[in-house]
1. Wholly within the stretch 70-167, which helices (runs of 4 or more DSSP H) include no fewer than the required count, namely at least 3 residues that are touching a Ser or Thr at 6+ places or on another chain (Cβ under 9 Å)?
2. Starting from the stretch 128-146, take each residue that is in contact (Cβ under 8 Å) with a residue 60 or more places away in the chain and list its partners that are hydroxyl-bearing (Ser, Thr, Tyr), counting only C-beta distances under 9 angstrom and pairs at least six apart or across chains.
3. All but one of (1) farther than 25 Å from Ile263 by Cα; (2) in contact (Cβ under 8 Å) with a residue 60 or more places away in the chain; (3) open to solvent by less than 40 Å² (accessible area, probe 1.4 Å) hold for His219; which doesn't?
4. Residues to consider are Ser123, Ser170; find the one that is of a type in the set (S, T, N, Q), open to solvent by less than 10 Å² (accessible area, probe 1.4 Å), in contact (Cβ under 8 Å) with a residue 24 or more places away in the chain and within 30 Å of Gln237 (Cβ to Cβ).
5. If you check Glu87 against the conditions, is it surrounded by fewer than 17 Cβ atoms within 10 Å (Cβ to Cβ) and at pLDDT 95 or above?
6. In the stretch 1-43, which residues are free of Cβ contacts under 8 Å to residues at least 40 places away in the same chain, acidic (Asp, Glu) and assigned to a loop (DSSP other than H, G, I, E, B)?
7. Restricting attention to the stretch 174-183, which residues are open to solvent by 30 Å² or more (accessible area, probe 1.4 Å) and closer than 20 Å to Thr213 by Cβ?
8. Give just the number: which of (1) open to solvent by 10 Å² or more (accessible area, probe 1.4 Å); (2) under 22 Å from Asp99 (Cα atoms) does Leu200 not satisfy?
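The values are calculated or read from the model by the stated rules, or taken from the named source; none is laboratory data. This structure is a prediction, so every number in the text was calculated from the model and none was measured. Please note: Cβ atoms are built from the backbone with ideal geometry, for glycine as well, and neighbour counts cover all protein chains shown. We work out accessible area using only protein heavy atoms, side chains counted, and drop any ligands, DNA or RNA first. Shrake-Rupley method; radii C 1.70, N 1.55, O 1.52, S 1.80 Å.
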Amino acid sequence: MKLWAISDLHVGYAENRRIVEQLAAQPDDWMVLGGDLGESVDDLRFVLETLGPRFARLIWVPGNHELWTLPNTAMQRGEGKYFQMVELCRQYGVLTPEDPYEVLDDGTARYLIAPLFTLYDYSFCPPGMSVAQALEWALEAGLQCTDEYLLFPDPYPSRAAWCAARCAYSEARLAAALRTHSGPTVLIDHFPLLQELAVLPAVPRFCIWCGTTRTRDWHRRFRAAAVVFGHLHIPQQRMIDEVRFSEVSLGYPRQWSRSPARIRPRQILPLGPAPHTP
């Protein structure tokens, strides 16, 4: 049995919907859907209905786009939107960050598969900056994420507060799971768990919307053999502390059209040769 992963499908683009429709079936394998599939419940439903019959199991984590509330729509906000999507996933038998973790045996080991939702808190910035200072630092470079207008934290007072709550919830669940699971884990989050992974050469200060330093040691604490993430639209594999980190995004048509290899899901398990890390 294999574990595959792809993220940032952005099926609001017709070209990306065609990519999803053309993904090959792997009926004995599991597939990670690593967030930013689209902005609406209908986008998520399209992906689940298209890929659900092609894989033995789907695993979903939300990206920031799933959490957007678009103007002049009846979309729910914040946590309400998130749990609406969780409920839709459950209707299709898809594993979410709210469900019990499951174990995948790939023939070499039994891996605890842990989908996570941690969000971000603007802490991927120079040391000592407050949230307000981090936002100003990004704005100095002409950067302001659309999340600031469309991603509502309700009922939390801020996205940073929501992030803190999600991290505490996930830490507790992982610690409890590892009291009974003695093997390795695969951690799955839309957002990179480490600040050194949030490198965007074209827009370096966009990193403040990419994760939280609260997760900086999770790959070690929670016995990760592999960590899967997206969000950056820069597919890559790196070894850090002998853990394989895989960014698995498809991205926007203008991005993947320059690199057709990225339209294929990434194999996560079984683990292949370690990638070279400079």
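1. 78-91
2. Going by the 9 Å Cβ cut-off, the qualifying pairs are Ala134/Tyr122; Ala134/Ser123; Leu135/Tyr122; Ala138/Tyr122.
3. Exception for His219: condition (2).
4. Ser170
5. yes
6. Glu39
7. Residue satisfying the conditions is Ala175 alone.
8. (2)
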